Amino acid sequence: MNKKKKRLIMRSVILAVLALAVGYTFYSNLTKEARGNLQEGDQAPDFVLTDLSGEKHQLSDYEGKGVFLNFWGTWCEPCKEEMPHMEKLSKEYEGQVEVLAVNVGDSELQTKKFAEQYGLTFPIAIDSSKEVQKAYGVNPLPATFMISPEGKVEKVVIGGLVKENQVRALFEQVKP
Amino acid sequence: MGKVKCECGHVNPHGTVLCESCGRALTEEAKKEKFHDMRYEGSARRSQTYNKTIVDKVWNFFSSVKVGVWLIVLTLIASSLGTIFPQEFYIPNNVTADTYYEDTYGIAGKIYYMLGFHDLYNSIWFIALVASIGVSLVICSLDRVIPLHRALKNQRVARHTTFMKKQRLFASREGTIEPQEIGKVKESLKESRYHIREEDGSLLAEKGRFSRWGPYVNHIGLIIFLIGAMLRSVEGMYVDELLWIREGETLEIPGTDGEYYLKNEQFIMENYDKEKDSEVFSEAIEENGVIAKNYQTDAILYRDENRDLPGAEPELVEVKKEDIRVNEPMKFDQFALYQNGFSQNEMKAMEFMLTNKETQEAVGAVKIDLFNPKDVYDLGNGYKVELLGYYPDYDGIGKDGEPKTKSPVPNNPAFLFNLVSPEHPDGEVAFTAIRQTMEPMGETDYKMEFSNIETRDISALTVRKDLTLWILALGGTIFMIGVIQGSFWAHRRLWIRQVDGKVYVAAHTNKNWHGLQRELDSIIEHTSIPSPEDQQASEQSGKEKN
């Protein structure tokens, strides 16, 4: 009887160890994909970029304000559509929500010309090393990350924001 | 559930087939069989429990060799299914899996994708299959090696005559054996490296028992190998990335967490040359035309000293300068950079001549860096070229009348120039693309004439880090030790017993019966001890005669 109990415990322990190993394998395999991909609710990775006028912008400096972090390129058609909304609302929400546009892949000339053409006044930085793009796991453009005053990713929008209302709702979401 | 007490007095675990001590058959089936199944020495390999708990049920499921074999067969079938079409990892970058398989392979491709075979080796069920094999290996081994070890440890010298009779090699005769003959046989057995145990006139000679552990050592190696494979999915253990880097570019090396940067000084591709290379190559060159000799990236490795936030200017300190060739990676830390691929002649800069159309006179040259074009190119003497627009991958004119670009890569660069000359201080607007010029604001007196192009190569490097390699090597080595242990040695035993005026001789080996018989023949020769004969062989030849 005692022996039977001992064996049961022994088997349970061995099976538990095996289950643990298998479980960990599953866990690490299934999270492999998600790793590096930013999800809503995650802490937004801090970064520092220099904008076209030479000013440095560090994300953590914006604590206490919402941030509209937009990744874009001049060749991307939907990016062009959302720029005017961003420009308009950045003025409206000044001091509450900051717009930070990160250009991916263009040269300075193109970015400057684009900003002039669209009359953009919010800071635009070029992520020439693509490090910020990688940190946020951005692939298709445009990609917008709404970052709360506490520095959390509130919302991730992949694709163009066609309507002003859409953009306004995003601004409202991260307003302090 | 109780123990089984043998007539000889030994207490065996429940489920034992042959008594661990004397070898008497304990079950009805064993009593009836012609030869005893000696694979596990008739030990209780799967202890039965009457009150089967869930733990016992799981245990018994995995302890079955039949289940183990099925798991292996299923894994084999699944693995081969994954090779029918290329895995998602290998399909071109610019297409998505959901359309690629159907477009390329038709309906079969669509089904393939729908069933998830496009990413088979990372799918849950495939990992589950492999993991089950691992579990089965552990439990099968434990369930067999422990009773087997017990049975071999407890075996008595004097085996019961029924046990001896049911061994494949067996002989008996009336009478007794002289002690000096026993002594002689013992001598020759010792010469053949047998360990000898004696008990009132009975003798057990045994050698090579450790070969019985071969399969289990082999399984331990396999389990270690599987653990190594499992660790690959753990962050930081395994990195396999691709870095596309242009000549002159300095980029962060992916997978190094921003610690290392690499500069591509230049990419070199060399072909075998009939004139310069040894004559032995000339025939092959004639037959095949161009044969590549070398793919090489001259690279400089830097460490980022400040390792600041993403986007921050790195503070690069040169670590080393090395040429990366195929099979000659650059190694640093635990990483290795391998030459993997290349793309030649990407446009880097374009040179134009500002030319007076009428006189065909060139005013000056303008070289435009396609990755960092300037606003204004001043040629002096009142001549100036202003760049109004740059479209690196020109794709026609959009709906809004603006030239469009498909991507930020200079595949088909186009420019909107404003040509300022003393005659036209406000400039003339000209649109210049490859093999195409337009003058959207009316005819111009000057034009930008294409004169030269600068190209550069892009090198593709594989970034590899594998901390699991030594575990895989260890597992593989142990696996091989098990194989060698089990295949190059045999577990041989000889029993001699005298009982009731009869002499019994039996022998057992786990393989190479012929070898054992020959060895015993030479040992027992010239004694009155009967040489054991292969009962199975004589039975077969008897059958044939009938």
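What follows draws every value from the coordinates through simple rules; no lab data is involved. Computed from a predicted structure; not experimentally measured. For neighbour counting, all protein chains shown are included, and Cβ atoms are generated from backbone atoms with ideal geometry for every residue, glycine included.
Structure notes:
- Secondary-structure-derived ellipticity at 222 nm for chain B, considering helices only, amounts to -10000 deg cm²/dmol, per-run term -39500 (n - 2.57) for DSSP H runs with n ≥ 4.
- Taking chain B, the Cys residues with no second Cys beta-carbon under 4.7 angstrom are B:C140.
- Cα centre as origin, Lys/Arg/Asp/Glu Cβ charges: chain B dipole, Debye: 6420
- With a Förster radius of 56 Å applied to the beta-carbon distance between A:E164 and B:V73, the computed FRET efficiency rounds to 0.35.
- Cα-Cα pairs of the stretch A:48-174 separated by more than 21 Å (percent): 31
- Mean partner shielding of peptide A:112-120, defined as the number of other chain Cβ atoms within 10 Å of each residue Cβ, is 1.
- The share of alpha-carbon pairs in the stretch B:349-455 lying farther apart than 23 Å comes to 22%.
- What the Cα atoms of the stretch B:129-219 give is an Rg and a Dmax of 18.3, 61 Å.
- Per-residue average of Cβ from other chains inside 10 Å of B:408-418: 1
- Net charge of neighbours whose Cβ lies under 11 Å from the Cβ of B:A365, counting Lys and Arg as +1 and Asp and Glu as -1: -1
- Span-like helix criteria (full DSSP H runs; alpha carbon extent of at least 30 Å along the helix axis; mean Kyte-Doolittle hydropathy of at least -0.5) are satisfied in chain B by B:124-154.
- At full extension, B:F35 and B:L81 could sit 12.3 nm farther apart than now, given 0.36 nm per residue minus the alpha carbon distance.
- Using the Cβ of B:G311 as centre and a radius below 12 Å, the other residues enclosed give a net charge of -4, where K and R count +1 and D and E count -1.
- Restricting the trypsin sites (Lys or Arg not before Pro) of the stretch B:141-245 to loop positions (DSSP other than H, G, I, E, B) with no more than 16 neighbouring Cβ atoms within 10 Å leaves B:R193.
- Remark: the stretch A:25-30, residue by residue, has Karplus-estimated 3J(HN,Hα) of 4, 4, 4, 6, 6, 6 Hz, where x stands for each Gly or Pro and the curve is 6.51 cos²θ - 1.76 cosθ + 1.60 at θ = phi - 60°.
- Cα-Cα separations in the stretch B:45-153 greater than 24 Å, expressed as whole percent: 46
- For q = 0.13, 0.16 Å⁻¹, Debye-computed log10 I/I(0) when each Cα of the stretch B:190-311 counts as one equal scatterer: -0.85, -0.96
- Per residue, the convex hull volume that the Cα atoms of the stretch B:270-394 enclose (Å³): 272
- Two-decimal ratio, chain B, of alpha-carbon radius of gyration to 2.2 N^0.38 Å: 1.66
- Among the residues of A:15-26, the average count of other protein chain beta-carbon atoms within 10 Å of the residue beta-carbon is 5.
- Take every Cα pair under 8 Å whose residues are at least 6 apart in sequence, average their separation, divide by the length of chain B, and the relative contact order is 18 percent.
- Each principal axis of the Cα cloud of the stretch A:129-176 was evaluated for its coordinate range; sorted largest first, these ranges are 31, 27, 13 Å.
- Of the two radii for the stretch A:1-111, the radius of gyration is 1.35 times the Kirkwood radius, both from the alpha carbons; that is the Rg over Rh value.
- Each label point was placed 7 Å from the Cα along the Cα-to-Cβ direction; for B:V290 and A:E116 their separation is 4.2 nm.
- Principal axis box of the stretch B:404-546, alpha-carbon based, largest edge first, Å: 134, 42, 24
- Rounded to the nearest whole Hz, the Karplus-based 3J(HN,Hα) values (6.51 cos²θ - 1.76 cosθ + 1.60, θ = phi - 60°) of the stretch B:31-40 follow the sequence 5, 7, 5, 6, 10, 6, 7, 9, 4, 10, with x at glycine and proline.
- Averaging 1/r over each pair of different alpha-carbon atoms in the protein assembly as shown and inverting the result gives 33.5 Å, the Kirkwood hydrodynamic radius.
- Candidates A:T144, A:T111, A:T31, ranked by Gaussian network fluctuation over chain A, Cα under 10 Å, top entry: A:T31
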